[in-house]
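Here is the structure we will look at.
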Amino acid sequence: MEERNVLMMKKLLVVGSINMDIVSNVDRFPLPGETIHSGEALFFPGGKGANQAVAAARAGAGCAMVGAVGTDPFGDKLVRGLEEDGISTNLILRKEGSSGFAIITVNGEGENTIVLSPGANGLLTAGDAAAAIPDWSGLHAVLLQNEIPWDTTCSVIRSASAGGARVFFNPAPARELPDELLSRIDTLILNETEAAAVSGTAVNDIESAQAAAERIIAKGTNTVIVTLGEQGCFCRTSNGRAFRVPAFKVKPVDTTAAGDTFFGAYAAAEASGLGLREALEFAAAAAALAVTKAGAQASIPAKAEIEAFLRKLEP
């Protein structure tokens, strides 16, 4: 069977970044100009695109990925890790030079700071994506983020929309989005910072999240989901549905990839046929489990873990 036919058998396609995360644990973040000691440096496969693909695959979705890694040793490890989760890697390209990597510092409260070096991710062109995905038929949705070149992301959104595939977009890192793109996006999942950048209004609670979501919906997006950490998430749809899903209370160890886990798990649940509220509750449970472990992909739970977590909460 041709590689492209194998790709189109997958329900979800992720186009995005693939990184190696280099993690240091500290008691507190350093002040400007200050040197502090950390524990052992840990290496975890990451990148928002790869994290979301792993989250979707572990949550039960058939998933393929388009992205780029370098010719360094990290590249081999990153691709093998995706394959171990059953993700199709046939369309991941090799670019001369280093793979993308992120330097992540995690403090005693589980909060993190991240410095990102795009490496090969920054070399993934619109032409690369177009050559990898000549036909959008049979695909449930494409998942995108903001860790590959913006021109490439825009090209994929337009091509997928024109080809009949739904676009699920997490605009992280945050940036403004033109109205023309918003009208092509089926589902937009954003945190407070990203929602503020896209809507042009400050977001810090459920009420302001609703106001931001309504401004975005008015520009043509079908579903807007704003995640608010401990406050849960708020969902607004173009047909008038509006509701909040509470967060699950857990003790955080490392919040790295919590948002990616939510996004990928939601996409998998929605693709499996779960209703909107149920898919969001599934995603919230997945994200809650993710923050209880260290690392990016290392922290992402499997479907059975998520379902067991939810069963424990049933009355």
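The values are calculated or read from the model by the stated rules, or taken from the named source; none is laboratory data. None of the values given here were measured: they were computed from a predicted structure. Positions of Cβ are generated from backbone atoms using ideal geometry, with glycine treated the same way; all protein chains shown enter the neighbour counts.
Pairs meeting the criteria (first residue in region 195-207 and in contact (Cβ under 8 Å) with a residue 12 or more places away in the chain, second residue surrounded by 12 or more Cβ atoms within 10 Å (Cβ to Cβ) and among the polar types (S, T, N, Q), beta carbons under 7 Å, at least 6 apart or on different chains) are Thr201/Ser208; Asp205/Gln231; Ile206/Gln231.
If you check Thr105 against the conditions, is it among the hydroxyl-bearing types (Ser, Thr, Tyr) and under 20 Å from Ala56 (Cα atoms)? So Thr105 fails the test.
Taken over region 105-125, the criterion of being part of a strand (DSSP E or B) and among the aliphatic types (A, V, I, L, M) is satisfied by Val106, Ile114, Val115, Leu116. Within region 211-219, identify whether any single residue is touching a residue at least 24 places away in the same chain (Cβ under 8 Å), within 19 Å of the chain's Cα centre (by Cα) and over 21 Å from Phe262 (Cβ atoms), and answer yes or no. No, region 211-219 has no match at all.
Scanning region 271-282 for residues that are touching a residue at least 60 places away in the same chain (Cβ under 8 Å) and either in contact with a Cys (Cβ under 9 Å, 6 or more places away or on another chain) or closer than 18 Å to Arg244 by Cβ (or both) turns up just one, Phe282. The set of residues in region 105-148 being within 18 Å of the chain's Cα centre (by Cα) and hydroxyl-bearing (Ser, Thr, Tyr) consists of Thr113, Ser117.
Pairing each residue of region 283-309 that is touching a residue at least 12 places away in the same chain (Cβ under 8 Å) with any residue that is of a type in the set (D, E, K, R) and not in a helix (DSSP H, G or I), provided the two are 6+ apart or on different chains, yields C-beta distances under 6 Å for Ala294/Asp254; Ala296/Asp21; Ser299/Lys293. For region 292-315, residues that are buried (at least 21 other Cβ atoms within 10 Å of the Cβ) and either at pLDDT 95 or above or in contact with a helix residue (DSSP H, G or I) (Cβ under 9 Å, 6 or more places away or on another chain) (or both) total 6. If you filter region 21-61 down to residues that are in contact with a strand residue (DSSP E or B) (Cβ under 7 Å, 6 or more places away or on another chain) and farther than 29 Å from Glu96 by Cβ, you find that the one that is surrounded by the fewest Cβ atoms within 10 Å (Cβ to Cβ) is Gly39. Count of region 220-261 residues, restricted to those that are surrounded by 17 or more Cβ atoms within 10 Å (Cβ to Cβ), in contact (Cβ under 8 Å) with a residue 40 or more places away in the chain and either in contact with a Pro (Cβ under 6 Å, 6 or more places away or on another chain) or of a type in the set (D, E, K, R) (or both), is 3.
Number of residues in region 100-142 that are under 13 Å from Gly163 (Cβ atoms), surrounded by 14 or more Cβ atoms within 10 Å (Cβ to Cβ) and without any contact (Cβ under 8 Å) to a residue 60 or more places away in the chain equals 1. The residue list Asp128, Asp135 contains one member that is acidic (Asp, Glu) and part of a helix (DSSP H, G or I), which is Asp128.
Is at least one residue of region 235-252 modelled with pLDDT of 95 or more and under 22 Å from Asn146 (Cβ atoms)? Checking region 235-252: at least one residue is modelled with pLDDT of 95 or more and under 22 Å from Asn146 (Cβ atoms).
Of all residues in region 153-166, those satisfying the criterion of being within 23 Å of Pro118 (Cα to Cα) and touching a strand residue (DSSP E or B) at 6+ places or on another chain (Cβ under 8 Å) are Thr153, Val156, Ile157.
Scanning region 138-156 for residues being among the small types (Gly, Ala, Ser), modelled with pLDDT of 95 or more and part of a loop (DSSP other than H, G, I, E, B) gives a total of 0. Looking at this structure, is Val69 crowded, with 24+ Cβ neighbours inside 10 Å, over 26 Å from Ile133 (Cα atoms) and of a type in the set (A, V, I, L, M, F, W, C)? Answer is no for this residue.
When you scan region 68-91, do you find a residue that is within 25 Å of Leu42 (Cα to Cα), without any contact (Cβ under 8 Å) to a residue 24 or more places away in the chain and either assigned to a strand (DSSP E or B) or among the hydroxyl-bearing types (Ser, Thr, Tyr) (or both), even just one? No, there is no match, as no residue in region 68-91 is within 25 Å of Leu42 (Cα to Cα), without any contact (Cβ under 8 Å) to a residue 24 or more places away in the chain and either assigned to a strand (DSSP E or B) or among the hydroxyl-bearing types (Ser, Thr, Tyr) (or both).
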